[in-house]
Amino acid sequence: MTTSRIDLSSEAFELISELKEVHGELMFHQSGGCCDGSSPMCFAKGDFKVGLSDVWLGTIAECDFFMSADQFEYWKHTHLTLDVTEGRGASFSLEIPTGKRFVIKSRIFEEREMENLPPIKTGEEYLEEA
């Protein structure tokens, strides 16, 4: 069985569902850069241009989740869970007007999970397949 690199909480699923009603298909990107730093950001699908060095971590609630390659180097040994907290972030993420924001919770993969991780797919590979 393949180990998932990213999952989501039920609260995140509910917020994503609400956002989809307004914005249609969504996508996520997490960088280590400006605004909310390494907070996950939600965009309408296609509103964020995936870079060739971004890494595709998987799909959650039918939304692709990408991370910058530099940030992924820090997080590659961790399982990530997209969650929601009260409060307004300082980003361009679609959930900001709701008074909530997406956050990442993490834990180190267990050894057996590391053995079953799928190969990494770069943004370039993802774009070629799309």
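What follows is calculated from the coordinates using simple rules that are stated; it is not laboratory data. Computed from a prediction, not measured in an experiment: that's the story for all the values here. Using ideal geometry, Cβ is built from the backbone for each residue, glycine included, and neighbour counts are taken over all protein chains shown.
Summary of computed values
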{"item": "Neighbour-count order for 98, 122, fewest beta carbons within 10 angstrom listed first", "result": "98, 122"}
{"item": "Over the chain, equivalent-ellipsoid semi-axes from the Cα gyration tensor in Å", "result": "22, 17, 14"}
{"item": "Exposure proxy ranking, count of Cβ atoms within 10 Å, fewest first, for 49, 105", "result": "49, 105"}
{"item": "Fewest-first sequence of 79, 29, 23 by Cβ atoms within 10 Å of each Cβ", "result": "23, 79, 29"}
{"item": "R0 of 30 Å, Cβ-Cβ distance residue 86-residue 48: FRET efficiency to nearest 0.05", "result": "0.75"}
{"item": "Cβ-derived FRET efficiency at R0 30 Å, residue 125 paired with residue 21, nearest 0.05", "result": "0.45"}
{"item": "Residues with amide H under 5 Å from that of residue 117, placed H, sequence gap 5 or more", "result": "3"}
{"item": "Distant-in-sequence amide H partners of residue 60 (H built 1.01 Å from N, under 5 Å)", "result": "65"}
{"item": "Degrees separating the helix 10-23 axis from the principal Cα axis of the chain, which is the longest one", "result": "60 degrees"}
